[in-house]
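Every number in this text was worked out from the coordinates using simple rules, so none of it is lab data. Just so you know, these numbers come straight off a predicted model, no measurement behind them. Glycine also receives a Cβ, built like all others from the backbone with ideal geometry; neighbour counts cover every protein chain displayed.
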Amino acid sequence: MTSRTAGEPLVRLSGVEKWFGQLHVLQDIDLTIDRGEVVVVIGPSGSGKSTLCRTINRLEPIDSGEIAIDGQRLPEEGKDLARLRADVGMVFQSFNLFAHKTVLENVTLGPVKVRRQPKADAERRARELLDRVGVGSQADKYPAQLSGGQQQRVAIARALAMDPKVMLFDEPTSALDPEMINEVLDVMTSLARDGMTMVVVTHEMGFARRAANRVVFMDGGRIVESADPETFFTNPQSDRAKDFLSKILNH
Ligand SMILES: Nc1ncnc2c1ncn2[C@@H]1O[C@H](COP(=O)(O)OP(=O)(O)O)[C@@H](O)[C@H]1O
Ligand SMILES: [Mg+2]
């Protein structure tokens, strides 16, 4: 791993609690992610992984605790929230591209509307990013004309176009046909190598071993374990992690 500045926190969650009605979906979450760190979040379905991601850019409000990005506490609402949210890029399982806009327009929309970049600059940068994720030749097509793997790579380029400080990925390859999974993971691995700070929810354990600095295992709304990949995969501490790993590694 290159260009990681150890011990410089970029995202910090302290004592985060969240309820959905009676369901205590996030319980006493303390998690600090350093600049340049790649954290893979794994855990059973329903353990709160997506909710955790969504709280980091405040798509979901929290009930107590604190979340800070680059030293700034996430504001409740308003212009400051919009600005801070733009610092957090998010890539979802469903690619969420605008169907009626071209690939290029999908990537330039945020920079032009939110970052107020001149259109020509935004387009130049968008083409660079589309080249970087390997879909430069698709710039003038519409999303439906692309494969799932290509669409997800456009979604990554679109998030990068906002120059985020941190990228969140929530099961980015789960909706893809198997032959397209690696082309997306390769782009993510290269981002990680380039020093991007990343939080990645995934079941792709090969990616976790290859690219993660740390694996966080969640169950029942709690962080149950947090360790480097080698330690976590070879020597999980909790029965819950052992049980989870035996299910996903032996299928
Ligand atoms: N908007 C919501 N309203 C009520 N319950 C929700 C909502 N979103 C998620 N949940 C519940 O919260 C729990 C955690 O969900 P989620 O964060 O999506 O888990 P994961 O991503 O680990 O599968 C699940 O029991 C889910 O059904
Ligand atoms: Mg989820």
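A few notes on this one:
- Take the Cα of residue 175, go 7 Å toward its beta carbon, and the backbone nitrogen atoms of the range 69-113 under 11 Å from that spot belong to 92-98.
- Only Lys, Arg (+1) and Asp, Glu (-1) charged, at Cβ; the range 75-193 dipole about Cα centre in debye: 540
- For residue 60, the amide hydrogen comes within under 5 Å of the amide hydrogens of 55, counting only partners 5 or more places away or on other chains and with H modelled in the peptide plane.
- Residue-span extension gain [residue 63 to residue 8] - 0.36 nm each, minus C-alpha spacing: 17.1 nm
- Listed by chain and number, the lysines placed with their C-alpha closer than 18 angstrom to that of residue 141 are 101; residues fewer than eight positions away on the same chain are left out.
- The modelled label-to-label distance for the pair residue 116/residue 137, using points 7 Å beyond Cα in the direction of Cβ, is 4.0 nm.
- Between the beta carbons of residue 238 and residue 147, assuming R0 = 30 Å, the FRET efficiency works out to 0.20 to the nearest 0.05.
- Principal-axis analysis of the Cα atoms of the chain puts helix 148-160 at an angle of about 90° to the longest axis.
- Estimated [θ] at 222 nm from DSSP helical runs (n ≥ 4, -39500 (n - 2.57)) normalised by residues in the chain, nearest 500: -11500 deg cm²/dmol
- Unit charges at the beta carbon, dipole of the chain: most positive-side option, 122, 135, 55: 122
- The C-alpha atoms of the chain define a longest principal axis, and helix 119-132 lies at about 60 degrees to it.
- C-alpha long axis of helix 103-113 to longest principal axis of the chain, angle in °: 80
- Looking at the chain, the DSSP beta bridges with both ends there are about 55 percent antiparallel.
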